[in-house]
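Report on the structure given below.
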Amino acid sequence: MRIAIASGKGGTGKTTLSANLAAFLSKTEPVVLADLDVEEPNSGLFIKGKLENEEVKYKMIPEWNEETCTLCGECQKNCNFNAVIQLGPQILVFPELCHSCYACSELCPTDSLPMVSQRMGELKHYSGNNIAFIESHLDVGQEQAVPLIGQTIQYIEEKFDDKALKIYDSPPGTSCPVIEATKDADFIILVTEPTPFGLHDLKIAVETVKELHKSFAVVINRYGLGDEKVLDYCNENDIPIIAKIPNLRQIAEIYSRGELIFEQVPEFRDELLKISDYIKKEMD
Amino acid sequence: MKEIVIISGKGGTGKTSVTASFGFLGGQDVVVADCDVDAADMHLLMKPDFAQSEDFYSGVLAEINPEKCIQCGLCAEKCRFDAIPVINKQHVVKKLDCEGCGYCAKICPVEAITMPEQNVGDWYISTTKVDNTMVHAKLGIGAENSGKLVAKVKNEAKAIAEKQQKKFTVIDGSPGVGCPVVSSLSGADFTVIVTEPSVSGFHDLKRVYELVKKFKISAGCIINKYDINQEITDKIMNFLRDEKIEHIASLPYDENFTRAMTLGKTIVEFDEGELKEKMVNSWTKVKQLVNHEK
């Protein structure tokens, strides 16, 4: 079972929920937690474990072979991303624009653009008590999160079978990185907060998961703050609200220190229990 | 005209609330732009009128004409993104997986594949409640090229600011360190980083500042909810000193942030105390800092 934890808006509590839920569930069953917010991964600040494995992750980019190139200009024509440019007597490759589609390389009549690997980030695999934690960092300056997210999921699929409960802490937003992180999930939890920004971004997130034809439910964080409009929206649209995490300054303080909240706040633990029950029903 | 971009690395630190307050205080001196096109929220506070709306086309996606397709499967074999599955004995393109590289269209032996341009969102030129111009956008679901839409919004805002002879463009950036933020930062004169004193807020501040440094843009920092963790606030202050980032303000943990938002107001319209005063001083300070930039 793969559960993606997502939200349109950043800062609603995705990571708080992912880390706490994973640690909470790991008391009773093995859990894999993956931080797929590769631009700003933070789950690792809350989950301690022993470093099991680390791997540099690469993406494939073309490399120009001057010797064999006839400067026919096909590569430039075949690249839709302006990543391969012919400038006078040379071919320039812009790795950060390259999507690794291989078109320039495989369609080159003289095989002068072989694909080579280039570093884009790093994956780390930790293991703790009944919990495996995998996170990837995109190197700063790399623009494309999608290939690294894809490779991180692939790593998890290879290392852990379907019996393990996998929790994916997804990136914010609604564009390509979120799609990549959630498209293979069996169930999506959308975390929101009861504010106008929260509601607005929740609506976008709901449209996104509907587009993906995924079953999903909502967790309201900082409940008690703001207004009731998120509740109304969910009720009107038959969206299940599986937990309401209360708005407590104490939670913000514990979070700020990088500590797990459910161990210190019983109200928070109660809400996790509701989520865990809901997930178990979903699994059956 | 100077370009000020407000970013945060981590989401939810109060970036949009700060930007809207600056947009409100800036009044006739500024053009406002919302470059957080993935989750554009500033309109909820600035109440733009959506007067002018335009479709945004960017990038292409593959489309297979089933009449022409002979089901040879070459496209699916060459596609690196597994975007062409066979459904009901017919090769079809999964739009959410297609990256638009066009490889399939180039090698299709019967030319059954075309690459039409995609409408990935809309963008708007509006007048806000304080009568200044705001450029903003809405990205379609799962759309690619959010970086390009960010660039579009930013460039339009800049052009309008120059035409109207405004002093500043105030830009709400996007979270993260990837392509949308890179787009919002490029060409900026000054960046304000809004952070919070949590392990994750500080971690993301350091990461996003690495990016800011690459662009060689001067930066200032607002620490929101500084009183939630004094120890990390102190660490952030040391970091700012070491990196020569200007400390603009430390704002207290205050639910007036949310109360104002719930009423569709900026903080400076709602709060009457410390928070408002600090926000007003922040804007004054940002203007001074920006004007010192060459």
- All conditions in (1) more than 23 Å from B:PRO175 (Cβ to Cβ); (2) within 14 Å of chain A (Cβ to nearest Cβ) are true of B:LYS225 except (1)
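Take the conditions within 28 Å of B:VAL286 (Cβ to Cβ) and not basic (Lys, Arg) and apply them to B:PRO66. Does it pass? Give the steps one after another, and end with the answer.
Details: within 28 Å of B:VAL286 (Cβ to Cβ): no; not basic (Lys, Arg): yes.
So B:PRO66 fails the test.
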- Quick one: A:ILE261 ticks every box in (1) at pLDDT 95 or above; (2) not in a loop (DSSP other than H, G, I, E, B) bar one, so which box is it? (2)
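For a quick check of your reading: which strands (runs of 3 or more DSSP E) sit entirely within the stretch A:184-246 and have at least 3 residues that are more than 13 Å from every other protein chain (Cβ to nearest Cβ) and touching a residue at least 60 places away in the same chain (Cβ under 8 Å)? Can you show your working first?
Details: elements: A:187-192, A:215-223, A:241-246.
Per the criteria, A:187-192, A:215-223.
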- Message: Checking A:GLY258 against (1) under 16 Å from A:PHE24 (Cα atoms); (2) more than 14 Å from chain B (Cβ to nearest Cβ), only one condition comes out false. Which one?
- Response: (2)
- Item | Failed item in (1) touching a helix residue (DSSP H, G or I) at 6+ places or on another chain (Cβ under 8 Å); (2) exposed (fewer than 15 other Cβ atoms within 10 Å of the Cβ), with A:MET115 passing the rest | (2)
- Message: Quick check on the stretch B:48-68. Is at least one of its residues charged (D, E, K, R) and buried (at least 21 other Cβ atoms within 10 Å of the Cβ)?
- Response: no
- Query: Which of the residues that make up the stretch B:261-293 are surrounded by 15 or more Cβ atoms within 10 Å (Cβ to Cβ), under 24 Å from B:LYS166 (Cβ atoms) and among the acidic types (Asp, Glu)?
  - Reply: B:GLU269
- Message: Here is a check on your reading of the model: is B:THR258 surrounded by 16 or more Cβ atoms within 10 Å (Cβ to Cβ), of a type in the set (S, T, N, Q) and closer than 21 Å to B:ILE228 by Cα?
- Response: yes
- Among the residues of the stretch B:73-91, is any at pLDDT 95 or above, within 11 Å of another protein chain (Cβ to nearest Cβ) and in contact with a strand residue (DSSP E or B) (Cβ under 6 Å, 6 or more places away or on another chain)? no
- Residue in the stretch B:58-72 that is nearest to the other protein chains (Cβ to nearest Cβ), counting only those that are under 24 Å from B:ILE141 (Cα atoms) and of a type in the set (A, V, I, L, M, F, W, C): B:VAL60
- Query: In the stretch B:234-281, what count of residues is obtained for those that are in contact with a helix residue (DSSP H, G or I) (Cβ under 8 Å, 6 or more places away or on another chain), assigned to a helix (DSSP H, G or I) and within 14 Å of chain A (Cβ to nearest Cβ)?
  - Reply: 10
- Task: Looking at (1) under 19 Å from A:SER43 (Cβ atoms); (2) within 8 Å of chain B (Cβ to nearest Cβ); (3) surrounded by fewer than 19 Cβ atoms within 10 Å (Cβ to Cβ); (4) not aliphatic (A, V, I, L, M), find the lone condition where A:GLY141 falls short.
- Result: (1)
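If the requirement is being in the same structural domain as B:ILE125 (by TED's automatic domain parsing), crowded, with 24+ Cβ neighbours inside 10 Å and basic (Lys, Arg), which of these qualifies: B:LYS235, B:LYS225? Reasoning before the result, please.
Values: B:LYS235 fails: crowded, with 24+ Cβ neighbours inside 10 Å.
On inspection, the qualifying residue turns out to be B:LYS225.
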- Only one of (1) at negative phi; (2) outside the structural domain of B:ALA157 (by TED's automatic domain parsing) is not met by B:GLN71, so which one is it? (1)
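Being under 28 Å from A:LEU248 (Cβ atoms) and over 20 Å from the mean Cα position of the chain (by Cα): is that true of B:GLU246 here?
On the way: under 28 Å from A:LEU248 (Cβ atoms): no; over 20 Å from the mean Cα position of the chain (by Cα): yes.
No; evaluated as a whole, the condition is false for this residue.
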- Restricting attention to the stretch B:5-47, and to residues there that are away from chain A (no Cβ under 14 Å) and surrounded by fewer than 24 Cβ atoms within 10 Å (Cβ to Cβ), which single residue is nearest to B:LYS225 (Cα to Cα)? B:LEU25
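If we only count strands (runs of 3 or more DSSP E) wholly inside the stretch A:1-106, which ones have 3 or more residues that are surrounded by fewer than 24 Cβ atoms within 10 Å (Cβ to Cβ)? I'd like the intermediate steps shown before the answer.
Working: elements: A:2-6, A:31-35, A:50-62, A:84-87, A:90-93.
Counting at least 3 such residues, we get A:50-62, A:84-87, A:90-93.
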- Task: Tell me, yes or no, whether the stretch B:80-95 has at least one residue that is of a type in the set (Phe, Trp, Tyr), assigned to a loop (DSSP other than H, G, I, E, B) and either more than 30 Å from B:VAL30 (Cβ to Cβ) or not assigned by TED's automatic domain parsing to the domain that holds B:ALA161 (or both).
- Result: yes
- Query: For the subset of the stretch B:92-110 comprising residues that are at pLDDT 95 or above and within 13 Å of chain A (Cβ to nearest Cβ), which member is farthest from A:HIS99 (Cα to Cα)?
  - Reply: B:CYS108
- Note on the structure: Matching residues in the stretch A:1-59 (among the charged types (D, E, K, R) and away from chain B (no Cβ under 14 Å)) number 8
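The values are calculated or read from the model by the stated rules, or taken from the named source; none is laboratory data. Because the structure is a prediction, the values reported are computed rather than measured. Every residue, glycine among them, receives a Cβ derived from its backbone with ideal geometry; neighbour counts consider all protein chains shown.
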